[in-house]
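Here's the structure we're looking at; comments come further down.
The values are calculated or read from the model by the stated rules, or taken from the named source; none is laboratory data. Values in this document were obtained by computation on a predicted structure and should not be read as measured data. Here Cβ is always computed from backbone atoms with ideal geometry, including for glycine, and neighbour counts include all displayed protein chains.
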Amino acid sequence: MLNAIWIGFLLVALASGFWEATFGGRPAVLGEMTRASFEMAKTGFEISLGLTGVMTLWLGLLRIGEHAGLVSALTRLLAPLFARLMPEVPRGHPAQGAVTMNMAANVLGLDNAATPLGLQAMRELQSLNPQPQRASDAQILFLVINASSVTLFPLAVFTYRAQLGAADPTDVFLPILIATGCSTLAGLIACACWQRLALWQPVVLAYLGGIGLLLAALVAWVAGAPAGMAERSALLANGALLALIGAFVAAAAWRRLDAFSVFIEGAQEGFTTAVKIIPYLVAMLVAIGLLRASGVLGLVLDALRALVGGFGFDARWVDAVPVMLLKPLSGSGARGMMIETMQAHGVDSFAGRLACIVQGSTETTFYVLAVYFGSVGVRITRHALACALIADAAGFFAAVTVAYAFFG
């Protein structure tokens with residue numbers, strides 16, 4: 001999928017550029033495209049290089065939290081909920097532990113741990129599947145929740161905003177949390193309707209109600225100062241991040257871990273991860289830069305903006321549409337488009353912030369479906385894609401809504 005998107009971007013941009021230069025009376029467009037390719041390649045390298053320190057810091061800290069048992073604690077907390085959402089999984093079956101461990105890792109932002117745990121969970125669920133080539137209800141629900149990607153701390157988004165010079169990189173924290181919460185809830189309800197799950201069970205209602213009340217309380221506190229909603233969101237995010245660091249270190253001290261050595265172990269992985277990002281980011285940014293320099297991206301967005309404006313609606317959200325379109329298809333593509341949007345419109349602009357909220361609201365749906373189902377040989381995915389796309393749509397709608405509410 002990523003290969004097709006990248007080749008398509010390049011071919012469309014080049015075809016448009018040569019057409020404009022030959023028939024459109026803009027011979028200078030070829031020079032603009034050449035300059036854009038060099039500039040975006042440089043930008044991709046600089047951003048990736050700048051990420052190294054932050055990635056090293058956070059992956060080191062997250063490794064401490066993992067070794068200190070916080071993921072296991074969160075697993076125990078979530079286990080009663082998943083026991084009721086996946087009734088076909090017997091109590092005590094390894095699938096239960098793998099599912100809750102994966103969710104716990106996702107919530108804490110431990111992406112490197114979440115993927116292998118997710119694949120293990122899918123294999124355990126497959127062992128209970130009476131029709132191996134057909135996705136079971138439990139597998140579909142697990143995948144849809146993964147695709148909606150609830151993460152308490154979207155550290156990657158904060159990092160990119162910091163690298164591009166945001167006044168406060170964390171001011172999108174609460175908007176992202178609201179958007180991803182709406183995405184997950186929509187996916188869960190869609191699956192429940194399809195699978196006839198009883199969401200009104202006391203335990204399920206207690207979990208969902210508790211999460212909803214907490215989120216509502218946070219929103220109410222932030223909305224209590226309409227003129228300073230972004231500032232309060234940033235205060236909440238910064239306080240939560242520092243509290244998380246404190247919890248990791250305190251848990252490590254309580255368990256008498258060699259926290260420094262564990263930090264170094266995770267930090268080394270962070271350095272490697274940041275370096276590995278360079279070619280992917282450069283490739284996507286160059287393709288997107290050529291699209292914008294050739295005029296194709298501007299034409300498409302102008303047409304959509306005119307259509308939205310024709311109905312009397314504010315059209316500023318249109319600048320984040322490319323991120324919305326790419327997010328279900330390609331994580332790298334959406335990330336590149338998010339960065340390009342922040343560069344083109346300003347990291348603290350409405351479009352720049354909305355692009356970040358969209359990026360944090362859902363996961364790469366088609367990639368998740370392909371990897372998770374492909375790993376166990378499932379070919380008939382049933383309602384998995386439909387429910388995941390419903391979650392995506394809810395996340396995007398919520399992202400636009402909260403962006404106007406916070407940064408309008």
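Going by what's in this entry, would residue 79 be described as assigned to a helix (DSSP H, G or I), of a type in the set (Gly, Ala, Ser), in contact (Cβ under 8 Å) with a residue 12 or more places away in the chain and over 30 Å from residue 188 (Cα atoms)?
When the stated conditions are applied, residue 79 does not pass them.
Can you name the condition, by its number, that residue 26 falls short on among (1) charged (D, E, K, R); (2) crowded, with 16+ Cβ neighbours inside 10 Å; (3) part of a loop (DSSP other than H, G, I, E, B)?
Tallying (1) charged (D, E, K, R); (2) crowded, with 16+ Cβ neighbours inside 10 Å; (3) part of a loop (DSSP other than H, G, I, E, B), residue 26 fails exactly one: (2).
Within region 45-80, can you find the residues that are basic (Lys, Arg) and more than 22 Å from the chain's Cα centre (by Cα)?
From region 45-80, those basic (Lys, Arg) are 63, 76; that's our starting set.
Correct list: 76 only.
Among the numbered conditions (1) under 20 Å from the mean Cα position of the chain (by Cα); (2) hydrophobic (A, V, I, L, M, F, W, C); (3) farther than 30 Å from residue 83 by Cα, tell me where residue 223 comes up short.
Exception for residue 223: condition (1).
Hey, among the residues in region 48-73 that are surrounded by fewer than 20 Cβ atoms within 10 Å (Cβ to Cβ) and of a type in the set (A, V, I, L, M, F, W, C), which one's modelled with the lowest pLDDT?
Residue satisfying both the conditions and the ranking: 54.
Being assigned to a helix (DSSP H, G or I), closer than 19 Å to residue 148 by Cα and at pLDDT 90 or above narrows it down to one of 351, 394, so name that one. Please lay out each step first, then the result.
Details: 351 fails: closer than 19 Å to residue 148 by Cα.
The conditions single out 394.
Among the residues of region 367-380, write down those that are surrounded by fewer than 18 Cβ atoms within 10 Å (Cβ to Cβ) and touching a residue at least 12 places away in the same chain (Cβ under 8 Å). Before the answer, list the steps.
Taking region 367-380 first, the residues surrounded by fewer than 18 Cβ atoms within 10 Å (Cβ to Cβ) are 367, 370-371, 374-375, 377, 379-380.
Matches in region 367-380: 367, 370, 371, 375, 377, 379, 380.
List pairs: first in region 24-41 and under 25 Å from residue 339 (Cα atoms), second at pLDDT 90 or above and of a type in the set (Phe, Trp, Tyr), Cβ under 9 Å, 6+ apart or cross-chain?
Sorted first by the residue in region 24-41, then by its partner, the pairs are 29/18; 30/18.
Pairs under 6 Å by beta carbon, first residue within 15 Å of residue 80 (Cα to Cα) in region 205-219, partner surrounded by 11 or more Cβ atoms within 10 Å (Cβ to Cβ) and not small (Gly, Ala, Ser), six or more apart or different chains?
207/81
Does region 36-47 contain any residue that is part of a helix (DSSP H, G or I), at pLDDT below 75 and crowded, with 17+ Cβ neighbours inside 10 Å? Walk me through how you get there before you give the answer.
First, pick out the residues of region 36-47 that are part of a helix (DSSP H, G or I): 36-47.
When the remaining residues are screened for being at pLDDT below 75, the result is none.
No: region 36-47 contains no residue that is part of a helix (DSSP H, G or I), at pLDDT below 75 and crowded, with 17+ Cβ neighbours inside 10 Å.
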